[in-house]
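Written below as structure tokens is the structure these notes are about.
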Amino acid sequence: MTQPTASDALNWHPLARLPEEWRAWLSSEGEAPFRADQVFRWIHRQGELSPSKMSNLALPLRERLAAAGLQAPGAVVDVKRAADGTRKLLIEFDKGARVECVVIPMTPKTAEDTAYLVDPDSEAEDDEPTSPALESNTKVTLCISTQYGCAMGCVFCASGQFGLQRGLGAHEIVFQVLLARSYLEPGEVLSNLVFMGMGEPLHHYDETARAVRLITHPEGIAMSARRLTVSTVGLPSGIQKLGDDFAGKVGLAVSLHAPDDETRSRIIPMNQRYPVAKLLAALRAYPLPRRRRITIEYTLISGINDSPEHADRLAELLRGLRVKVNLIPMNPIEASTLEAPAETAVARFRETLTGRGYSCFVRTRRGDDVLAACGQLALQGEAATQGAVRLRRGRADDV
Ligand code: SAH
């Protein structure tokens, strides 16, 4: 890779610059390039975004950083805590975007409920020694957003019905991690990160990929890529890029939600453009490391995709792929009359899959009492109630 220039650095918000870009920028400002690691560490390791507090930098450099726009791009405007310990941070960014990020502690009591979030096999890999901090503390999974609203239009999802307002910059994505880290409680340690909040991360690939690079950088937050999971509606070219750029190390979760095109197109407009066969081909080509599995997300919706036949077809479709299946009984949303099936139907669906040898979890409604469950993020009081949504049949979306 060629060395970045100062103008490359200027393409990114200061919070989204990598150390090599800081080096180029500092040189162009007549500063010593070795300051780059110090600046990067202040931001990403310490979470310090005020240049005035960067005590080991000379005053003129601190002033230069402030003039270059280094500052927090948003602030927490609300924190809600659910009975199960889940915390929802409402973050307001400049230019009016509001997203939530959800802090989910994995207590022993809820370990089974949350098994869907973390692949137990990934814990057993030998490419990274497990740190003592992770061993002795409560692990926390953080769920972050990549866009304010979403363009994918899935009929069961509050963000999809809200529509895309704007994508978040890499700096705003990484900022959610920095902020959430400062909300960890004693004895908690950030262990996993899921891109499962508002938005479609692969519709916004460059910013998502840059955020992954920043979050995994050893001089910064330094999370191992295998502790990150990107959840996608299933955009094949994005899946391919993610696999290529990170050698399959970043975990992949795919919102399949139906085993056939007819059913899937009714609830996911993007299926018109990227039908099931194309999506499955992209999954087969994903360079999964040994012992890793792709997560198949399946939101169960009463009368739509929850029949025993759907379960049979799903089992057939996934044959030969290394996957685990997460069943998500649909959380109600204001913009739709669709609802979750009865518990017996959920249990039956699960049994069909486990009977065929799949590992299959049912996702419980964590944080439901503060509306932090999926599909409900950030939209209270917003235009989420543009009338009940009817099912779309066979209509291409204008994304
Ligand atoms: N755009 C990404 C992230 C979406 S949110 C994606 O499509 O994967 C994460 C998961 O929650 C997705 O599987 C999504 O389909 C699901 N989801 C959205 N709204 C939901 C709802 N109301 N009930 C249950 N699951 C929902």
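Couple of notes before you dig in:
- In the full protein context, the range 6-67 carries 47 Å² of accessible surface per residue, based on a 1.4 Å probe and ignoring ligands, DNA and RNA.
- For the range 212-255, alpha-carbon Rg relative to the globular expectation (2.2 N^0.38 Å, N residues): 1.16
- For the range 335-364, trypsin sites (Lys or Arg not before Pro) meeting the loop criterion (DSSP other than H, G, I, E, B) and having at most 15 other Cβ atoms within 10 Å: ARG356.
- ILE333 sits with roughly 20 Å² accessible to a 1.4 Å probe, with DNA, RNA and ligands left out of the calculation.
- The accessible surface of the range 6-67, taken with every protein chain in place and a 1.4 Å probe, is 48 percent carbon and sulfur.
- Percent RCO, i.e. relative contact order, over the range 6-67, from Cα pairs under 8 Å lying at least 6 residues apart: 22
- Calculated FRET value between GLU343 and ALA66, using beta carbons and R₀ = 51 Å, to 0.05: 0.35
- Under 17 Å of direct C-alpha separation, and excluding same-chain neighbours fewer than eight residues apart, LYS278 reaches these lysines: LYS241.
- Accessible surface, per residue, of the range 207-356 when the full set of protein chains is kept, probe 1.4 Å, Å²: 37
- Kirkwood Rh, Cα atoms: Rg over Rh of the range 220-349: 0.99
- For the range 166-287, the share of accessible area belonging to carbon and sulfur comes to 48 percent (1.4 Å probe, ligands and nucleic acids excluded).
- Computed on the Cα trace of the range 145-266, the radius of gyration divided by the Kirkwood hydrodynamic radius gives Rg/Rh = 0.99.
The values are calculated or read from the model by the stated rules, or taken from the named source; none is laboratory data. Keep in mind that this is a model prediction, so the values were computed, not measured. With ideal geometry, Cβ positions are generated from the backbone for all residues, glycine too; neighbour counts draw on all protein chains shown. Calculation scope for accessible area: heavy atoms of the full protein, side chains included, ligands and nucleic acids excluded. Shrake-Rupley method; radii C 1.70, N 1.55, O 1.52, S 1.80 Å.
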